[in-house]
Amino acid sequence: MATSRAFALVLLFCALSASCHISVSAQAPAPAKDKDFLSCLTRDIPPRLLYAKSSPAYGAVWSSTVRNIKFLSDKTVKPLYIVTPTDASHIQTAVVCGRRYGMRIRVRSGGHDYEGLSYRSEKPEPFAVVDLSKMRTVRIDGKQATAWVDSGAQLGDLYYAVAKATPNLGFPAGVCATIGVGGHFSGGGFGMMLRKYGTAADNVIDAKVVDANGKLLDRKSMGEDYFWAIRGGGGESFGIVVSWQVKLVPVPPKVTVFQIHKELKDGAIDLITKWQQVAPSLPDDLMIRIMAMGQEAMFEALFLGTCKDLIPLMNARFPELGVNPSHCKEMSWIESVPYIPLGPKGTVKDLLNRTSNIRAFGKYKSDYVQDPIPKIEWEKIFTWLVKPGAGVMIMDPYGGGIANLPETATPFPHRKGVLFNIQYVVYWFGEGAAALPTQWTRDIYAFMEPYVSKNPRQAYCNYRDLDLGVNQVVGNVSSYASGKVWGERYFKGNFDRLARIKGKVDPDDYFRNEQSIPPLCDKTITKIAEER
């Protein structure tokens with residue numbers, strides 16, 4: 001019972017985290033600049049790749065990867081147009097036409113943006129969406145141990161292609177196969193090999209980007225500052241990343257997975273209290289994360305080795321968990337990828353599934369823990385997990401590879417000194433049921449304040465949370481002051497460098513949303529200095 005419940009929750013987490021001719025004649029005529037934008041697009045983009053709101057297929061295309069169905073609402077501010085490019089030149093055209101006719105662009109790869117900002121706006125405004133779902137090619141170079149992957153590919157597409165071409169190689173990224181590569185890499189991206197190989201962005205070695213002027217750049221032509229910014233600075237701030245070149249990583253012939261459930265009566269709180277100090281200091285071949293829900297905790301592990309080597313390690317470092325050979329499931333690395341979110345029924349073919357039958361509403365928040373939380377406080381935390389509307393706490397240990405790089409290596413700053421990350425996840429079904437679960441996330445977040453990072457209280461930008469703050473637009477540009485409120489939580493001291501780079505590559509703030517990096521230009525820097 002406990003096992004099936006845990007698998008259902010993970011499935012739900014991944015699902016949310018899951019003829020075409022244009023028609024513009026129906027309903028009211030579009031404003032002149034909108035028609036001009038559309039006319040500009042059709043000069044270089046086939047009409048079958050364009051969708052206006054009046055198109056019969058518009059609704060299906062827009063909703064195709066809306067993973068959080070609370071945004072499937074008539075109240076949601078939707079784009080005027082959707083562009084589904086099949087070539088980088090189509091993206092360039094969309095940017096050039098958008099700049100020319102005042103049509104801002106948002107970009108969607110997999111639709112897992114927790115606040116839906118890749119395909120919707122918080123406030124009414126004219127905008128278009130570039131939906132990258134038709135650009136999902138993965139090209140493997142086994143000899144060089146590298147791959148080029150399009151931003152519209154899902155993580156499952158990448159994992160599948162890598163393992164098929166080179167079974168001795170893998171890639172360190174997220175647990176859920178339906179997450180889009182573009183957004184995931186842009187925010188850092190981590191999964192079950194984070195302690196061995198760090199974030200996905202740490203393993204990016206080149207990229208192709210369409211900038212705010214519609215130019216297609218690679219690492220050499222964009223320069224190292226720009227390249228630094230796109231590897232963890234959040235999606236949709238600096239341009240549209242068309243594709244990424246990544247360094248593939250070695251994986252052994254066999255890995256070992258275990259999933260052990262412990263209830264409070266079995267000593268779950270004592271085990272978590274011990275885990276928070278042990279897990280970040282284990283050898284980096286071993287990752288043990290926790291999903292806490294109700295009155296139980298599931299300890300889930302990936303070990304890059306065999307059960308024979310895992311058992312003595314666990315006996316020496318974490319004997320209290322009681323791991324024995326019956327808990328071990330040995331398999332290839334690629335088999336472990338679907339096994340972890342889907343359980344024993346998951347298959348490698350499932351990695352190519354781009355749809356989900358699970359439909360739920362969701363709200364998410366995140367924290368970072370730098371000092372062990374006392375046992376007595378864990379007892380209080382578990383009382384929150386049985387309150388009305390309660391959700392799940394997912395805890396990923398850091399240390400190892402993710403901590404070996406300095407905070408400034410990429411915009412993702414959560415490195416040395418972090419014990420573990422917490423994600424607070426809550427789901428509900430039906431629009432009228434939002435109040436209790438949404439309030440639960442905010443209440444437990446407030447309760448956790450004394451036990452998590454401070455000055456700033458850190459958060460992970462791929463677990464986007466508009467409760468942290470939103471940009472204020474002043475003079476048609478996102479203000480630095482408003483962005484700093486939420487930006488330093490995601491990026492710490494790297495936020496300032498990101499804003500300066502934004503000021504150089506997109507000073508007019510063309511690529512923006514409610515939590516995009518604001519441009520910090522020379523004039524703004526001078527004003528800030530004067531105010532100080």
Residue among Pro413, Pro406 that alone is within 20 Å of His184 (Cβ to Cβ), modelled with pLDDT of 95 or more and outside the structural domain of His184 (by the TED database): Pro413
Could you please let me know if Thr410 is buried (at least 19 other Cβ atoms within 10 Å of the Cβ) and assigned to a helix (DSSP H, G or I)? no
Residues in segment 236-261 that are within 16 Å of Ala200 (Cβ to Cβ) and β-branched (Val, Ile, Thr) total 4
Pick out, from segment 448-532, the helices (runs of 4 or more DSSP H) lying fully within it that include 2 or more residues that are modelled with pLDDT of 95 or more. 480-491, 494-505
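Residue by residue, here is whether (1) among the aliphatic types (A, V, I, L, M); (2) crowded, with 21+ Cβ neighbours inside 10 Å holds:
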| site | (1), (2) |
| --- | --- |
| Met298 | yes, yes |
| Leu304 | yes, yes |
| Ile311 | yes, no |
| Asn315 | no, no |
| Pro319 | no, no |
| Val323 | yes, yes |
| Ser326 | no, no |
| Glu330 | no, no |
| Lys345 | no, no |
Checked segment 47-61 for anything out of contact with any Phe, Trp or Tyr (no Cβ under 6 Å at 6 or more places or on another chain) and within 23 Å of Gly239 (Cβ to Cβ); matches are Leu49, Leu50
Pick from Glu330, Glu320: which is in contact with a Lys or Arg (Cβ under 9 Å, 6 or more places away or on another chain) and in a helix (DSSP H, G or I)? Glu320
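Do any strands (runs of 3 or more DSSP E) entirely within segment 194-298 hold 3 or more residues that are farther than 28 Å from Pro374 by Cα, and if so, which? Step through it out loud before you land on a result.
On the way: elements: 204-210, 240-247, 255-263, 286-293.
In segment 194-298, 204-210, 240-247, 255-263 are the strands (runs of 3 or more DSSP E) which contain 3 or more residues that are farther than 28 Å from Pro374 by Cα.
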Residue under question is Ser281, and the condition is that it be farther than 25 Å from Tyr160 by Cβ, under 28 Å from the mean Cα position of the chain (by Cα) and surrounded by fewer than 15 Cβ atoms within 10 Å (Cβ to Cβ); does it hold? yes
Does segment 452-459 include one or more residues that are in the same structural domain as Gly391 (by the TED database) and of a type in the set (S, T, N, Q)? no
State which residue is nearest to the chain's Cα centre (by Cα) when the search covers only segment 122-171 and only residues that are in a strand (DSSP E or B) and of a type in the set (Phe, Trp, Tyr). Trp148
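Residues that are open to solvent by 10 Å² or more (accessible area, probe 1.4 Å) and at pLDDT 95 or above: which helices (runs of 4 or more DSSP H) entirely in segment 1-112 hold 2 or more of them?
Details: elements: 2-16, 32-42, 58-63, 88-100.
The qualifying helices (runs of 4 or more DSSP H) are 32-42, 58-63, 88-100.
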Report yes if some residue within segment 183-193 is within 19 Å of Leu155 (Cβ to Cβ) and part of a strand (DSSP E or B); otherwise report no. no
Which residue pairs have Cβ atoms closer than 8 Å, lie 6 or more positions apart in sequence or on different chains, and pair a first residue in segment 486-501 that is within 11 Å of Pro518 (Cβ to Cβ) with a second residue that is among the acidic types (Asp, Glu)? Phe495/Glu488
Among the residues of segment 242-290, count how many are closer than 30 Å to Val83 by Cα and in contact with a His (Cβ under 8 Å, 6 or more places away or on another chain). 0
For segment 431-442, does any single residue satisfy the condition of being open to solvent by less than 30 Å² (accessible area, probe 1.4 Å), at pLDDT below 95, among the hydroxyl-bearing types (Ser, Thr, Tyr) and not assigned by the TED database to the domain that holds Ile179? yes
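The values are calculated or read from the model by the stated rules, or taken from the named source; none is laboratory data. Because the structure is predicted, anything quoted here is derived from the model rather than measured. Backbone-built Cβ (ideal geometry, glycine too); neighbour counts: all protein chains shown. When the accessible area is computed, the model is the full protein with side chains, heavy atoms only, and any ligands, DNA or RNA have been set aside. Shrake-Rupley method; radii C 1.70, N 1.55, O 1.52, S 1.80 Å.
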